[in-house]
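The values are calculated or read from the model by the stated rules, or taken from the named source; none is laboratory data. All of these numbers come straight from a predicted model, not from anything done at the bench. Backbone-built Cβ (ideal geometry, glycine too); neighbour counts: all protein chains shown.
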Amino acid sequence: MAIRTRFAPSPTGFLHIGGLRTALFSWLYARRHSGVFVLRVEDTDLERSTPEAVQQILDGLEWAGLVQDEGPFFQTKRFDRYKDVIEELLAGGKAYRCYCSKEELEKMRAEQIARGEKPRYDGLWRERTDSLPGVASVVRFKNPLAGEVVVDDVVHGRVVFQNSELDDLIIARSDGTPTYNFCVVVDDMDMQITHVIRGDDHLNNTPRQLNMLLALGQRPPVYAHLPMILGPDGAKLSKRHGAVSVLQYRDEGFLPEAILNYLVRLGWSHGDQEFFSIEEMIRLFDIADVNKSASAFNLEKLTWLNQQHMMRAPAARLVPVLRWHLEREGIQAADESQLEQVVVSQRERAKTVREMALNSVFFFRAPVAYDEKAVRKHVTAEVLGPLAEASNRLSQLAEWSAPAIHAFISGFAAEKGISLGKLAQPIRLAVCGGTVSPPIDATLAILGKTEALSRLTRALAVWSA
């Protein structure tokens, strides 16, 4: 049987790091086994689900490259199917209508608590065949009263639940809408899901879902419940730790392959290897190797890994990402070759592509002012003359390339008896506005002859006034 996994987010909020890791593990397992990765949107919480959240989930998965093979399927589009299965369970005596009022249930709960018992539905309507005309009923699943439910979880091992601890779950509300746990069962059955990979906060739902699948004559899927991701302080991951929208990491300049590389190591490992390409992850990942202990999220480690991916990626891979970040700064950069040169010259100096973009604005936008402190330090009377002469002779340079520019500046400095730095820093100030840039030869080459000389001329005019 072909492997079929699914990622089933609820659109009641943004797609965050924990959800993306679940999607990643499901996607990787399907890819490794040449299987099918299904995307299902569990939007039955009509009050909290929003179209904006749905779009954010879809955009986040697309940005990360975790493209589904089937879907997205929406539970709200499948209500007729759920209704048919509920009728099937009712007809087979595996579900029943319950007419208990809210007040009756609250009284039942209070009495159980007073007796020191676990509050649960006591099965009042379980064997009744009558009804209360004019009263809307819920539908409850007839959970087995005795025995146990065994979940052979790939991550947690054998987990046993007693049926006596599970009450008769509501599978349809009084308005006829199906409930979450029931919809999940029907979806996994209809979509022929073979492996359910999800967070271990769902582990307590599993025995109920298993019993419903068995009642429907289905072979349950293999379950793998992933450990939680905690903050560095051991507390539940929150916004202050990094539990923000996946798209916020995009906006901050992280590469999706770096995010996925980091997430795959939260709970899974392959020896001491830290850096993984997508292809390596697909080839090596196995859900059976996931550790059941919780993992701690570390933004510094993620940032380091992002820089590693920036350093190792082909420059052309970073060009569209850099362009996107520059556009967010109001800069339209169309020259592919120039952008690639910027990437090569700047990626060692930045940890994210956004940082690279911010550091590179001067390549595309001439300075309107100069660092005053740096001007006082580097633009002295003794250097203005040589700087003007260097500018003039640079205009006569036949070949405008980093090696040719380097040879000229080095030779000119030696000819004038001044250090290379004393000449390079004023030139850098003139073309960048500040004292931080790639090597001056590379900087001038990337700017291009016309632009570089124009900036030098303007700076000399300002400083000589």
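Assorted remarks:
- Residue that is surrounded by the fewest Cβ atoms within 10 Å (Cβ to Cβ) [pool: residues in segment 418-452 that are over 22 Å from residue 401 (Cβ atoms) and of a type in the set (Gly, Ala, Ser)]: 419
- Flag: residue 209 does not match the condition of being on the phi > 0 side of the Ramachandran plot and either buried (at least 19 other Cβ atoms within 10 Å of the Cβ) or of a type in the set (S, T, N, Q) (or both).
- Residue match in segment 423-444 (condition: modelled with pLDDT under 95, among the charged types (D, E, K, R) and assigned to a helix (DSSP H, G or I)): no
- Residues satisfying the stated conditions in segment 269-292, i.e. surrounded by fewer than 20 Cβ atoms within 10 Å (Cβ to Cβ) and within 17 Å of the chain's Cα centre (by Cα): 277, 278
- Filtered by the rule that a residue be crowded, with 17+ Cβ neighbours inside 10 Å and assigned to a loop (DSSP other than H, G, I, E, B), segment 38-52 gives 42, 43, 44, 49.
- Residue tally, condition surrounded by fewer than 24 Cβ atoms within 10 Å (Cβ to Cβ), of a type in the set (A, V, I, L, M) and over 12 Å from the mean Cα position of the chain (by Cα), over segment 1-37: 4
- Conditions (1) assigned by TED's automatic domain parsing to the domain that holds residue 29; (2) in contact with a helix residue (DSSP H, G or I) (Cβ under 6 Å, 6 or more places away or on another chain); (3) among the β-branched types (Val, Ile, Thr); (4) free of Cβ contacts under 8 Å to residues at least 60 places away in the same chain: number failed by residue 343: (1)
- Any chance residue 266 is in the same structural domain as residue 35 (by TED's automatic domain parsing), within 19 Å of residue 353 (Cβ to Cβ), within 18 Å of the chain's Cα centre (by Cα) and surrounded by 15 or more Cβ atoms within 10 Å (Cβ to Cβ): no
- Scanning segment 409-430 for residues being under 26 Å from residue 359 (Cα atoms) and hydrophobic (A, V, I, L, M, F, W, C) gives a total of 7.
- Residues considered: 381, 398. Of these, the only one that is at pLDDT below 95 and within 20 Å of residue 452 (Cα to Cα) is 398.
- Residue list for segment 394-414, restricted to those being assigned to a helix (DSSP H, G or I), surrounded by 12 or more Cβ atoms within 10 Å (Cβ to Cβ) and not polar (S, T, N, Q): 394, 402, 404, 405, 406, 407, 408, 409, 412, 413
- Long-range neighbours under 7 Å by Cβ, at least six apart or interchain, first residue assigned by TED's automatic domain parsing to the domain that holds residue 46 and of a type in the set (Gly, Ala, Ser) within segment 3-15, second surrounded by 18 or more Cβ atoms within 10 Å (Cβ to Cβ) and assigned to a strand (DSSP E or B): 8/40
- Check on residue 340, modelled with pLDDT of 95 or more and farther than 17 Å from residue 453 by Cα: yes
- The set of residues in segment 298-332 being under 18 Å from residue 251 (Cβ atoms) and in a loop (DSSP other than H, G, I, E, B) consists of 329, 330, 331.
- Check on residue 349, within 28 Å of residue 249 (Cβ to Cβ), among the charged types (D, E, K, R) and either in the same structural domain as residue 426 (by TED's automatic domain parsing) or surrounded by fewer than 19 Cβ atoms within 10 Å (Cβ to Cβ) (or both): yes
- Residue check, residue 428 under 30 Å from residue 252 (Cβ atoms), in contact with a helix residue (DSSP H, G or I) (Cβ under 8 Å, 6 or more places away or on another chain) and in contact (Cβ under 8 Å) with a residue 60 or more places away in the chain: no
- Looking only at segment 160-195, and only at residues there that are buried (at least 18 other Cβ atoms within 10 Å of the Cβ) and in contact with a Leu (Cβ under 7 Å, 6 or more places away or on another chain), the one that is farthest from residue 10 (Cα to Cα): 189
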